[in-house]
Amino acid sequence: MSAGATGQAVTRYNALYEAVRTRRTKPAYRKGLDRLWYRGLVRLERARRAPKWLLREAARVDALAPEIRACGEAALGERVREVREAFRRGRHDAETVRRGLAVVREVARRETGEEAYVVQLVGALALYHGRVAEMLTGEGKTLTGSVVAPLLAWRHRRLHVFTVNDYLAARDAESRRGIFERCGLRVGAITQETGQGERAGVYAMPVVFGTPKQITADYLRDQLRLGPAGSAWAARQGSVLGLGASSGPGSGGGPIVPGLRAALVDEADAVLIDEGVVPLIIARSRGADELAPVYAEAARMASKLDEGPDYAIEHVKRRAVLKRRGEHRCAQMFAEALRAGGDPLWKATRRAEELIRQALVARHCYKRGQQYEIIDGRVVIVDEFTGRFLADRQWEHGLHQSVEAKEGVEVTADRETIARISFQRFFRTYRFLCGMTGTAADATGEIEAVYGRPVVVVPTHRPVIREKRATRVFRTEAGKWAAVVESIEREHLAGRPILVGTRSIASSEALSERLSARGLTHRVLNANFDADEAEMITDAGCAGAITVATNMAGRGTDIKPDASALAAGGLHVILTELHAARRIDRQFIGRAGRQGDPGSSQTFASLEDELVRQYAPGLARLASGGSSEELTGDRRALAVLGSAQRRAEARARAGRAGVLRQDDWIDQHLPGA
């Protein structure tokens, strides 16, 4: 069974298990069912492991090392030219691939001092053959990508390497430049700071590092500028954007992005799954927002309504529903606004009620310090997956303006959407796609279904000895936070570095206040302090260091415990709340115990956590009986947490499936769109 088929089988298997378990309530039956489910899941999971042929090929590449290492600089350069020409002439047989990997491995060793382990060669081979490789945190994904990237660039002529942020794109392009140049390849990076005049030159290089946002935006601008030749649509869009048929930065008015040939995606689950359904939008401002007073008035009216009698909030769907009494009270307020000389829009009842519902959603479902922050008098969105600011993004359909009105800041003008494309559809446009991440196995079925890419789990170089402590569950959030602080203090006294993960900026700052009150010196890493990120990550591995972080520390960070920290037991990771996907929990926990180092992790949760309140409120009430504050070991409480997380994952999958259906319809009926 292929890895992709295995992922689909696991998804179906879990769904069947849930369906049967909900109909069978006897404890004895459930216990037996759970045992059978676990055994079956173990058998299915084994099929995801690296195929034996990949292990054999990696061993053969490794066997070439003595021969290649004995080459002088001139001889090695000649070997590089030989394999490069072989690839360019279309020779892609197994022997050429093996020699190509062996040569590039030696080039990387001489340029960086790092020699790829055999398991990294397994990962490189998986990437070369179009797989998504799961390599645990700390297993050297950057070096793995560096070894295989020249082969992909030789074979496909152009390679785009995607990372999750501009910092990593610029860092990796520069730190790996020596490898690519010795392989006869120029390399560049596309970031927010790259000027429009420079972009065409960078894209002309064989290897380009960048983020999905930057490269997709340039691709979408190309489609707008070039469009169907001579059509009125192309002319109109070109004039809107100031992109005439011959005004593009590309030579001769051609595309900036010369072709989507091959893509290698780092942190593939984050880019392809979490961000996959996010639309990239090209928009223009409509100028001053004449509706600013209306949004402010809607926020004032919404504050007068009573939750329950007047309206209901569906937090999971982020939707407000007006009840009959609420509609009646709104009608009265609309009439009062008109009598006071308010905007004529209040006469249009349906539109006016939509503004009120939007204001209620902004009031109840979007919280400062969670979904957004106020920076320099502006509402700035916080990415819930990475914990970083998205300074150039806005929510659509007036939601952003409703949040601004709620916060009392200047209401910015809504933007007119000119073109949009989902990242999911964009990545499916590449002729060749591969990726690597630390947590792909949990999304195997989805990656196979959407992108047609099998997932391969690469074995670790050294056994993982990280200690996973039992999850501690509490009835209330207050009890949980008190226990978190006590645990931090205990580990700190033992001389261990501690990384504490929180789901939001607000939670990180609230925990910071508790630690300060306890006299514990610490540092906070969230979007407000991103300028100090590199320094904080470097210091986070020092013995006794306490770092409180949002998801910013969950990906792309390398926390290296010093000798004293390793002697004390290594890095200790504390999760203060479950995330909406197990993959994110695993990413954060993976900061500890890298490359066989000692380390440990523990999760703290409560029945009042946001995930439980949104996805399993009824189950939480059933499990909260009794008088004990701590519910650790209570199977009902653990079942509530597991159910809430599974429901969150299922809802996210359903949303992504809806976008996939829409993308498929567009490809089928509007192939030129």
The stretch 147-214: projected area of the alpha-carbon convex hull, averaged over directions, in nm²:
4.2
Give me the one-decimal nm value for the distance between modelled label points at ARG420 and ARG378, 7 Å along each residue's Cα-to-Cβ direction.
2.1
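What number results when the radius of gyration of the stretch 287-413, computed over Cα atoms, is divided by 2.2 N^0.38 Å? Write down the numbers at each step before the final one.
Values: Rg = 14.8 Å, N = 127, 2.2 N^0.38 = 13.9 Å.
Computed over Cα atoms of the stretch 287-413, the ratio equals 1.07.
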Label model pair ALA331, ALA70: point-to-point distance (7 angstrom along the Cα→beta-carbon line) in nm is 9.3
Other residues with Cβ under 13 Å from the Cβ of ALA543 give, with Lys and Arg +1 and Asp and Glu -1, a net charge of -1
If the reach is capped at under 21 angstrom between alpha carbons, list the lysines near LYS304, excluding any in the same chain fewer than eight residues apart.
LYS323, LYS347, LYS367, LYS406
Kindly rank 506-516, 590-600, 655-665 from highest to lowest mean number of other beta carbons found within 10 Å of each residue.
590-600, 506-516, 655-665
Please work out the FRET efficiency for the pair ARG351 and GLU193, using the Cβ-Cβ distance as r and a Förster radius of 41 Å; give the result to the nearest 0.05.
0.50
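Quote the FRET efficiency, to the nearest 0.05, computed for LEU338 versus GLU410 with a Förster distance R0 of 35 Å and r equal to the Cβ-Cβ distance. Show your work: numbers first, answer last.
Details: r = 25 Å, r/R0 = 0.73.
The formula returns an efficiency of 0.85 here.
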Please compute the net charge surrounding ASP597, taking Lys and Arg as +1 and Asp and Glu as -1 over other residues with Cβ under 14 Å from its Cβ.
+2
Using Cα pairs under 8 angstrom and six or more residues apart, how large is the relative contact order of the stretch 287-413, in percent?
28
If you bin every alpha carbon distance in the stretch 324-475 into 5 Å steps from zero, what whole percent lands in each bin?
1, 6, 10, 11, 12, 12, 12, 11, 8, 6, 5, 3, 2, 1, 0, 0
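Assigning unit charges at the beta carbon (Lys, Arg +1; Asp, Glu -1) and nothing else, what dipole magnitude in debye, to the nearest 20, does the stretch 287-413 show about its Cα centre? If you can, show how the numbers build up before the last one.
Numbers: 21 positive and 21 negative charges, 117 e Å.
With Lys and Arg at +1 and Asp and Glu at -1, about 560 debye.
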Below 22 Å, Cα to Cα, which lysines can LYS468 reach? Residues fewer than 8 away in the same chain don't count.
LYS480, LYS560
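Please give the length that would be gained between GLU396 and ARG514 if that part of the chain were fully extended, namely 0.36 nm times their separation in residues minus their C-alpha to C-alpha distance (nm, one decimal). Walk me through the numbers before you get to the answer.
On the way: separation 118, 0.36 × 118 = 42.48 nm, distance 3.66 nm.
So the chain would gain 38.8 nm between GLU396 and ARG514.
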Between the stretch 566-603 and the stretch 626-643, the alpha-carbon center distance in angstrom
22
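In the neighborhood of ALA94, defined by Cβ-to-Cβ distances under 12 Å, what is the net charge if each Lys or Arg adds +1 and each Asp or Glu adds -1? Intermediate values should be presented prior to the final figure.
Details: positive: ARG56, ARG60, ARG91, ARG98, ARG99; negative: GLU57, ASP93, GLU95.
Counting the neighbours of ALA94, the net charge comes to +2.
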Amide H to amide H, which residues 5 or more places from VAL207 or on other chains are under 5 Å from it, using H placed in the peptide plane?
LEU159, ARG186, GLY188
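The numbers here are math on the coordinates, done by the rules we state, and not lab data. As the structure is a prediction and not an experimental result, all values here were calculated from the model. So basically every Cβ, Gly included, is an ideal-geometry build from the backbone, and we count neighbours across all protein chains shown.
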